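What follows is a single structure, written as structure tokens, with notes after it.
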Amino acid sequence: MENIIEKLVWAWNDLDLWLVLAMFIAYFVYDWLYARYTLFVANLKASSAATFGALLYAISAFGVLNYVENLLYIIPMVIGGWLGTYYAIKKEKQKSLLLVKKPL
């Protein structure tokens, strides 16, 4: 138990707040991109899906390289990911509602 507490204290003291912010933003963007990627794949838009897919791999690599050193970086990743998906779906829903409301 003492070993776990020591590791958590070390991880907390080792956190870089700028990196925490970068991880949050990166995974907000990651999940927004992933939601868009899914729409591009479903709509058979090959070049857009491929571009977004490549960006997803780049952001994933950034995340993995950082959370391997300190597992506490997973926290901003999870929060950013949740909010990124939520934002993407809300925006998509707003677009579809606007399309329905437009008179022909």
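Against the definition (under 14 Å from the mean Cα position of the chain (by Cα) and of a type in the set (S, T, N, Q)), how does Ser96 come out, yes or no?
So Ser96 does not fit the description; no.
Going by what's in this entry, would Tyr57 be described as under 18 Å from Gly84 (Cα atoms) and free of Cβ contacts under 8 Å to residues at least 12 places away in the same chain?
When the stated conditions are applied, Tyr57 passes them.
Would you point out which residue out of Glu6, Glu2 is acidic (Asp, Glu), at pLDDT below 90 and surrounded by 10 or more Cβ atoms within 10 Å (Cβ to Cβ)?
It is Glu6.
Give me the residue from the range 58-104 that is charged (D, E, K, R) and part of a helix (DSSP H, G or I) and, out of that set, surrounded by the fewest Cβ atoms within 10 Å (Cβ to Cβ).
Checked the range 58-104; the qualifying residue surrounded by the fewest Cβ atoms within 10 Å (Cβ to Cβ) is Lys101.
Among the numbered conditions (1) exposed (fewer than 14 other Cβ atoms within 10 Å of the Cβ); (2) in a helix (DSSP H, G or I), tell me where Leu44 comes up short.
The number of the failed condition is (2).
Answer with yes or no whether Ile25 is aliphatic (A, V, I, L, M), modelled with pLDDT under 90 and in a helix (DSSP H, G or I).
Against the criterion (aliphatic (A, V, I, L, M), modelled with pLDDT under 90 and in a helix (DSSP H, G or I)), Ile25 does not qualify.
So the check is Cβ under 8 Å with 6+ separation or different chains; which pairs have a first residue in the range 6-25 that's touching a residue at least 12 places away in the same chain (Cβ under 8 Å) and over 11 Å from Leu72 (Cβ atoms) and a second one that's of a type in the set (Gly, Ala, Ser) and surrounded by 14 or more Cβ atoms within 10 Å (Cβ to Cβ)?
Correct list of pairs: Phe24/Gly80; Ile25/Gly80.
So Trp18 fits all but one of (1) modelled with pLDDT of 85 or more; (2) surrounded by 12 or more Cβ atoms within 10 Å (Cβ to Cβ); what number is the exception?
Only one criterion is unmet by Trp18, namely (2).
The values are calculated or read from the model by the stated rules, or taken from the named source; none is laboratory data. In this text the structure is predicted, and so the values were computed from the model without any measurement. Positions of Cβ are generated from backbone atoms using ideal geometry, with glycine treated the same way; all protein chains shown enter the neighbour counts.
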